[in-house]
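Following: one structure in structure tokens, then a few remarks.
Rule-based calculations on the coordinates, nothing more; no lab input. Just so it is clear, the structure is predicted and the values come from calculations on it, not from any experiment. Don't worry about glycine lacking a Cβ; one is built from the backbone with ideal geometry, like all the others, and counts go over all protein chains shown.
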Amino acid sequence: MQDSITRTEPLTAAPHASAKKTMPRVDYLNPPGAPALYSPDSLAWQVFKNPVALFVGGITAVLLELAEPRVRTGVWGHSIFPTDPLTRIKRTGAVTHATVYAPAESATRIIQMVNRMHERVEGRTPAGHPFRANDLVLLNWVQATVGYGFMEAYAAFVRPFGDAERDRFYVESQPVAQLFGATGAPRSLVEQRAQFEEMRPHLEDHVIVHDFLAIMKKVPALPLFMRPLQPVMVRAGVSLLPSWLRERLNLGAEWQLKPREEKLLRWLGAKFDRLTIPGAPPAQACQRLGLPRNYLYQPSARTR
């Protein structure tokens, strides 16, 4: 384990040429009536509209991914994140929103673009283990981390989810997971927990995990008025990791949220759950489908 946290290890896989490709523009308003990959009454439409859940859950998901050596090598060695984290964050957010809210045809094209990029990402970890980004085990793990991170962030800082809602979230995510090639992505809370246990022996500490956290505390990823809260939201992402993994990653007391910080984030998450942002993809997708722009932000939407 000690060898895996030395800063001087080379990455044997060279950065991929397609890492600098830009996201195609997505029209969330047109064509009128075009369905998305998820339905408007899905839990995904609720979860992914909330910027608190998106930021916090993204931190959790990436930490889970970076703890896995093959995923870590692929992410750090084949993307622009280490040199241009803000662009990578924006691009990842754009893909996430497109997958959930864009017309299905546009969303599918973007997923196919991501898959093509992954097809050319391969190499060896610093320990010499070969990896391919489109390896089924890794695809399944990434889908599990994404589902877990965003859903648990919403449940912790916006409104609680019961186990039945967690099962529903995983079931609703299956068609999109299949498009990404993750044919073994969890279909229930039980399967998610089993997948975490199966991956548990392979997750490890590494300096890149801590580099990522240092970057995310400083990069201007949030609107100016929310930026003072960014370190708190990074710690919130850490707080959602399983306790055994926090311990393994040496994320100790300094990464714990204070009770008043938890309360503040819950207040902010609840506020954003009722705040319509007119030009944002969730509101535009509602308009495209002939729904009120504030459809997702009404109390009734949270009980459908």
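Results, tabulated for the structure shown:
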quantity	calculated
Förster radius 45 Å - calculated FRET efficiency between LYS218 and LEU136 (Cβ-Cβ, nearest 0.05)	0.80
Rounded to whole Hz, the Karplus (6.51, -1.76, 1.60) HN-Hα couplings of segment 231-238, x for glycine and proline	x, 5, 5, 5, 5, 4, x, 5
For the chain, calculated [θ]222 nm from helices alone, where every DSSP H run of n ≥ 4 adds -39500 (n - 2.57)	-17000 deg cm²/dmol
Cα-based Lys proximity count in segment 33-303, under 23 Å, for pairs eight or more positions apart or on separate chains	14
Separation in nanometres of the label points that stand 7 Å from Cα toward Cβ, at ASP84 and GLN178	3.6
Extended-chain gain in nm, criterion 0.36 nm per residue less alpha-carbon gap, LYS258 and TRP244	3.1 nm
Dipole magnitude of segment 33-303, debye to nearest 20 (Cβ charges: Lys/Arg +1, Asp/Glu -1, about Cα centre)	860
Gain upon complete extension [PHE225, HIS129; 0.36 nm per residue less C-alpha separation]	30.2 nm
Over segment 33-303, relative contact order from alpha-carbon pairs under 8 Å, at least 6 apart, %	28
Isotropic mean projected area of the C-alpha convex hull, segment 89-200 (nm²)	8.0
In degrees, nearest ten, helix 136-157 long axis to first principal axis of the chain (Cα)	50
Per-pair calculated FRET efficiency, R0 = 30 Å: LEU275 and ASP41 via Cβ, rounded to 0.05	0.90
